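Below is one structure, written out as structure tokens, with a few remarks after it.
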Amino acid sequence: MIKSAYLHIPFCEHICHYCDFNKVFLKGQPVDDYLNALDQEMKMTVNHFPTSDLQTIFVGGGTPTSLNEQQLDRFCESINKNLSKSKQLEFTFEANPGDLTKEKLQILKDAGVNRLSLGVQTFNEELLKKIGRVHKAKDVYQTIDNAKSLGFDNISIDLIFSLPSQTIIDFKESLTEAFSLDISHYSAYSLIIEPKTVFYNLLKKGKLPTPGEDVEAAMYELLMEEMEKHGFNQYEISNFSKPGFESRHNLAYWNNESYYGFGAGAHSYLNGIRRSNTGPLKRYMDQINNGILPVIEEHQTTKVEQMEEEMFLGLRKTAGVSVRHFIEKFSVDPLQLFEKEIAELTAKQWLEVGKDHIFLTKKGRLLGNEVFQAFLK
């Protein structure tokens, strides 16, 4: 059963120095043609892989709100026309604080969007410039005030730590500002320097002063402490929420459930097949205009792969992996299947086995990737 859909808008008015997502500069791009292609892709995919009411829709990018008002209205109409939605739908739009006007917020509200995810990253103006962001801290407060005045009560912001030259004091100050917003959800990630980004090129030239692993670990521990102190539950390695405001869309990924992926470079997981769409816009649009789904790669996951994925995705959640649910899904007991790996990781105090769940310890959360690696054969 497909319960979730991700839609990708690849346009950005500015490219951030750390971003390696599939994106292009907005200026001069065939935005309307792309929206036509997305509309067609939704139609074609739903015909191939029908489902009943979706529980979550997430629109990401790029910057979805870089669309102008007319395009945004048309795009939302296209989603509502093509995708069957549950009455309990969680409908999220990513946005940049600087370009989410009251008019655009009203369009989203009227279309049924009920969750906003804002790319804030830091409240330090110098760091914002350094990472290639163009919004100011005041834009964050203004956007959130505007959203609240229109009735949005499920708002999340993204923060990044371990930024170039960032100190623990800088990060603590950003957290203090973040808590003053009175919102229900935070995502916080350490900076990962990916190939083909501005930061990667600077790092290779020795011109990117990163804080280092020890400072990064200290920032993460500070993050966990401060979130707990302010009443936010850490339900996943990088995600914190007030009770009932967890991102249901992201939980669908970590619960290893099926989902649609629409748009250039989008990924999907349908009927046990992991698929990825072609990334270049022209190729994506050409394939759709020729009546072909724009899939560049397909991989039918084996049962072994599905069980491994269930472990390393599920362990991202603080609750961990349910032994009972794993047995129901695969007719195999994970405590037997992964007996050796679990024994080694519990001996290191990175993993714990409870009554029904296998989960990361606090120490294990600091070394998540090493734990996940252990479950990949």
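The values are calculated or read from the model by the stated rules, or taken from the named source; none is laboratory data. Keep in mind that this is a model prediction, so the values were computed, not measured. Neighbour counts are summed over all protein chains in view; Cβ atoms, including those assigned to glycine, are modelled from backbone coordinates with ideal geometry.
Computed quantities for the displayed model
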item: Residue list for region 108-135, filter: in contact with a helix residue (DSSP H, G or I) (Cβ under 6 Å, 6 or more places away or on another chain) and under 17 Å from LEU38 (Cβ atoms); result: ALA111
item: Residue that is surrounded by 14 or more Cβ atoms within 10 Å (Cβ to Cβ) and modelled with pLDDT under 95, where the choices are LEU376, LEU351, LEU367, LEU345; result: LEU367
item: Strands (runs of 3 or more DSSP E) within region 209-267 that include 2 or more residues in contact (Cβ under 8 Å) with a residue 60 or more places away in the chain and farther than 20 Å from LYS172 by Cα; result: 233-236, 259-262
item: Candidate set: region 71-95, residues that are free of Cβ contacts under 8 Å to residues at least 40 places away in the same chain and in contact with a strand residue (DSSP E or B) (Cβ under 7 Å, 6 or more places away or on another chain); chosen: the one surrounded by the most Cβ atoms within 10 Å (Cβ to Cβ); result: PHE93
item: Among the candidates VAL323, VAL304, residue that is surrounded by fewer than 18 Cβ atoms within 10 Å (Cβ to Cβ), at pLDDT 95 or above and in contact with a Pro (Cβ under 8 Å, 6 or more places away or on another chain); result: VAL323
item: Looking only at region 152-190, and only at residues there that are of a type in the set (A, V, I, L, M) and out of contact with any strand residue (DSSP E or B) (no Cβ under 6 Å at 6 or more places or on another chain), the one that is surrounded by the most Cβ atoms within 10 Å (Cβ to Cβ); result: LEU163
item: Enumeration of residues in region 268-316 that are of a type in the set (Lys, Arg), within 19 Å of LEU376 (Cβ to Cβ) and free of Cβ contacts under 8 Å to residues at least 60 places away in the same chain; result: ARG274, LYS303
item: Cross-chain or 6+ apart pairs with Cβ under 6 Å, region 343-369 first and on the phi > 0 side of the Ramachandran plot, then aliphatic (A, V, I, L, M); result: none
item: Top-ranked residue of region 132-184 - restricted to ones that are touching a Pro at 6+ places or on another chain (Cβ under 7 Å) and on the phi > 0 side of the Ramachandran plot, ranked as modelled with the lowest pLDDT; result: SER165
item: Filter result (closer than 20 Å to VAL215 by Cα and either among the β-branched types (Val, Ile, Thr) or not assigned by TED's automatic domain parsing to the domain that holds ASN250 (or both)) within region 139-193; result: ILE160, THR167, ILE168, ILE169, THR176, ILE192, ILE193
item: Check on PHE312, of a type in the set (A, V, I, L, M, F, W, C), closer than 30 Å to GLY265 by Cβ and touching a Leu at 6+ places or on another chain (Cβ under 9 Å); result: yes
item: Out of GLU103, GLU90, GLU69, sole residue that is within 28 Å of PRO280 (Cβ to Cβ) and in contact with a helix residue (DSSP H, G or I) (Cβ under 8 Å, 6 or more places away or on another chain); result: GLU69
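Residue-by-condition table, conditions (1) among the hydrophobic types (A, V, I, L, M, F, W, C); (2) assigned to a helix (DSSP H, G or I); (3) farther than 30 Å from PHE171 by Cβ:
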| position | (1), (2), (3) |
| --- | --- |
| GLN71 | no, yes, yes |
| LEU89 | yes, no, yes |
| GLU103 | no, yes, yes |
| ILE107 | yes, yes, yes |
| GLY112 | no, no, yes |
| LEU118 | yes, no, no |
| PHE123 | yes, no, no |
| LEU128 | yes, yes, no |
